[in-house]
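Below is one structure; the comments refer to it alone.
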Amino acid sequence: MTQAQPFLRLDAVSKRYGGRAELAVEGVSADIREGEFVSLLGPSGSGKTTTLMMIAGFELPSEGRIMLSGSDIVGIPAHRRNFGMVFQNYALFPHMTAFENVAYPLRLRKQPSSRIDEKVKRYLDMVGLARFASRRPAELSGGQQQRVALARALVFEPTVVLMDEPLGALDKNLREQMQIEIKELQKKLGITLIYVTHDQSEAMTMSDRIAVFNNGRIEQIAAPLEIYRRPETRFVGEFVGESNMIEGRVGDATERRVETEIGEIEYGPDSAFGAGMPVFAMIRPELITLAEKLPPRNGTQLTVTRTIHFGDRVSVEGTTVGGTMLRFRASGREAAVCATGRQVNVAWRSDDVHILARGQ
Amino acid sequence: MTSRLQSSLIPKFLALSIGGFLLLPMLLVVVMSFGEGTSLRFPPRAFTIDSYIVYFTSAGWMVPTLNSFIIAGASAAITLLVTTPAAFAFALFDFPGKRLVRLLIMMPLMVPFIVMALAYFFFFGQLRLLNTMVGVVIAHACLAVPIVFLIQSANLKSFDWTLVRASQACGAGHFRTFRYICLPLLRPSFLVAGLFAFITSFDETVIALFISGRAASTLPRRMFESVRQESDPVVAVVSTLLFAVVAAVAIVIAWRREAGRSRSATRDLERE
Ligand SMILES: Nc1ncnc2c1ncn2[C@@H]1O[C@H](COP(=O)(O)OP(=O)(O)OP(=O)(O)O)[C@@H](O)[C@H]1O
Ligand SMILES: [Mg+2]
C-alpha cells in the first residue's frame, strides 16, 4: 500500500498555548494513509486532543505544517476542511431531532431534500437507529446519542474522520460493542480515521497503527503488535501492556547478550546495539514460564512476593537474590506452586527478549 | 403532633402575611382605579370605569404611554445590539484590557441615578438632546447595558461551546453556526435579557424627570406629575394595567417553560 504522496501528513507540528512556557505538542510528525485507522494513544495531558484539534482546524499549530494530499491545509478554516468529527460528550444539537442532526451537514451543503432524506435514513439505519429518527437527543441513551453523532460525522462522506475519546462516557459492555461497530463501519466505508483514546486495549483492537504520545511527542508510531512486541522506548513498553524492564549493558553484541544483575540475557535477532551500550531487556510477563530446574541462561530463581488470582490464571511477582523484581503469569493450576514465599524457577526464550535503549 | 402542626403552619402564615403585606397596597390601588370622582380616595363611594375611559381617550395619557413603549423598545434594541456581541467577545476571547473594558461596561451600575440624571441634563443640553426621545433612549440604554451584559454573560457561560465546534465540523461557518445553532438555543434567554432592558427603561423615572421634558414625556413622568398636581384617579388605572401586564407576562413565561421548546432550527433552514 505504498503511495507516492501520503494522504494526511503532519510535518513537525508544534503547539504552544498562549502565555504558556511549555509546548503542548512538540514536533509531531506522522504520515497517515488513505483508509487507515490511526489511534493517538497516551496518558492524560500528553497532547492527543491538541493534535486532533489542529488537524480539525480548531487550533492553529505554532509551528509545522499539516498537509492533505500534498497541500498545506493549516490556513483552511475547520468548516471548509470537510472533516467529520465525533466528540466525547456527543455534542448533538439539543433542539434538533436525531434525523435533523444527521441532516444538518447535508442541508449546509445544499443537497436536494429527496437525497437528504434517503441518505439520513441510510446512515441512521447503518448505526441501528432507524426507529429513533424523530427523537431529540434528550430522549436518547448515551450509546444512542453517540450513534447519532457517528452518523452525523459520516453522512457527508468526509475526507477524514476525527474522534476524541468517543466512547469515554459509555460503560464497558457498550464500549466494546461500539468499538466493533466503529471498526466495521470504518472498514466497510474505507474511512480514514484518527481516533484519540487513552485506553490501550481499545487502541490495540481497533487500529491499523497506534501513535503513542507522551509529553506532547509521539514516542512511537507503528502497528499494534509491533508496538507491543518491539516498543522503542521504555515509556511505550510500560504504557502498552505489562512489562519487565531489566537494566543492563550490551556485552557481546555478536552473541547478542546483555549483562544484567540477574545474569546474561540473550536477545532476539532483530536488534542492533553496540557493545557496552546501556539498554533495557524487556520481557512480557506472559512470555515467562515456570521451569522444573534452573536453565543455564534465560532464566532465574525467584522468591514469590505476591500472587493475584484471576481464576483462569495467576499474576505472580517475585524477586531475585539481587533484588530485581519480575512479574510473570502462571495458569490457574500452577497457583499452588507459586504461593507467596515459595522459591520458583522461571525461564523464557531468547526470541521473546526485546532490547531497547536506556538513557544515561 | 402539635409541634408538627406548628412547624407546617408557621411558614405558611409567614408566606401569607408577607404576600399580603406586598399585595395589599396593590389591591387598594386596583380598587381605587374603579372609584368614582375626580380625585383619589379610599374607600370609593361608587364604582365606575370612568377613569379607564379617561385614560384611553385623553392624549395627555396616551402620548406618554406611547412614548414609553417607543423609548423602552428602542433602548432595549440598542442594549441588546451592544451587549450581545460584547458578551460573545468576553465569553470567547482573551484580549488585552479585558478587565478595564468590563469595568467600563459596569460603570453605570455604580453611579447614583440622580448623579447620572444631572450629568445627562447638562451634557444633553449642549448636544441639543434635551426634551427629545433620542436623548431618553440613549440614557436608558446606558442604564440597561450593565445589567443586560451580566445576564447575557451568564447565558453564554452555561452554553455548551462544543456545539459550535460540532457545527463547524458539519460545515457551517461562523454566521450559519450562529444562525442555526446559537440563536435558536439562546433565543429564550435573549428574550429574557431584552425584557429586562425594556423594563429597566419603562420603569425609570429619575432620569426621565430631568431630561424627557414635555415633548418626550414618559409614562412614569406623567404619573408623577399627575399625583403631584391633581391626584387624578387615572394614576390608579395605569398602575392597575401595568400590574396586569406584568402578571400576564410572568404567567406566559412560566407556561412556556412548562410547554418546553418546540421550535426547530432545521425547519428554518429548510425554508431557505
Ligand atoms: N486551551 C488550552 N489552553 C492552555 N493549555 C491547554 C489548552 N488545552 C490543553 N492545554 C494543555 O496542553 C497539554 C495537552 O493537552 P491535551 O488536551 O492535548 O491532552 P490530552 O492528551 O488530550 O489529555 P486527555 O487524555 O486528558 O484528554 C496539557 O498540558 C494541557 O494542560
Ligand atoms: Mg483529550
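Quick rundown of the values:
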item: Helix runs (DSSP H) in chain B reaching 27 Å along axis by Cα, Kyte-Doolittle at least 1.0; result: B:2-33, B:59-92, B:133-157, B:183-203, B:234-259
item: Computed FRET value (nearest 0.05) for B:I53 with B:A250, which takes r as the C-beta separation and R₀ as 35 Å; result: 0.80
item: Cα long-axis angle, helix A:98-108 against chain A (0 to 90 degrees, to the nearest 10); result: 70 degrees
item: Antiparallel %, DSSP beta bridges [both residues in chain A], to 5; result: 75 percent
item: Estimated Rh, chain A: Kirkwood, alpha-carbon pairs, angstrom; result: 23.1 Å
item: Antiparallel content of DSSP bridges confined to the protein assembly as shown, in %, to 5; result: 75 percent
item: Segment B:183-207 versus segment B:150-170: alpha-carbon centroid distance in Å; result: 20 Å
item: Accessible area in the full protein assembly, largest first, 1.4 Å probe, for B:L195, A:L356; result: B:L195, A:L356
item: Full-extension gain in nm, A:L225 to A:E255, via 0.36 nm per residue minus C-alpha separation; result: 8.2 nm
item: Distance between modelled label sites at A:E264 and A:D72, nm, 7 Å Cα→Cβ extension; result: 5.5 nm
item: Loop sites in segment A:6-95: GluC sites (Glu not before Pro), DSSP, at most 16 other Cβ within 10 Å; result: A:E22, A:E34
item: FRET efficiency, B:K12 to B:A91 (Cβ-Cβ, R0 35 Å, nearest 0.05); result: 0.25
item: Computed lengthening from A:E242 to A:S201, 0.36 nm per intervening residue step minus Cα-Cα distance; result: 13.6 nm
item: Simple Cβ-charge dipole of segment A:242-357, Lys/Arg +1 and Asp/Glu -1, about Cα centre, in debye nearest 20; result: 360 debye
item: Percentage relative contact order, chain B, counting C-alpha pairs under 8 Å, at least six apart; result: 30 percent
item: Where only alpha carbons of segment B:50-234 are counted, the Rg and the Dmax (Å); result: 19.8, 66
item: Amide N of segment A:150-186 lying under 16 Å from the label point, which is placed 7 angstrom from the Cα of A:D125 along Cα→Cβ; result: A:151, A:155
item: Efficiency of FRET from Cβ geometry, A:A291 and A:N173, R₀ 35 Å, rounded to 0.05; result: 0.35
item: Extension gain (nm, one decimal) between B:M110 and B:V192, 0.36 nm per residue minus Cα-Cα; result: 27.2 nm
item: With every protein chain in place, segment B:190-249: carbon and sulfur % of accessible area (1.4 Å); result: 72 percent
item: Protein heavy-atom accessible area occluded, B/A pair - total, 1.4 Å probe, Å²; result: 2200 Å²
item: Cα-based equivalent ellipsoid of the protein assembly as shown: semi-axis lengths in Å, sorted from largest, via gyration tensor; result: 72, 29, 25
item: Cα Rg, Dmax (largest Cα-Cα span) when computed across segment B:145-257, Å; result: 20.3, 66
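The values are calculated or read from the model by the stated rules, or taken from the named source; none is laboratory data. This structure is a prediction, so every number in the text was calculated from the model and none was measured. Quick reminder, even Gly has a Cβ in these numbers, built from the backbone with ideal geometry, and neighbours come from all protein chains shown. Calculation scope for accessible area: heavy atoms of the full protein, side chains included, ligands and nucleic acids excluded. Shrake-Rupley method; radii C 1.70, N 1.55, O 1.52, S 1.80 Å.
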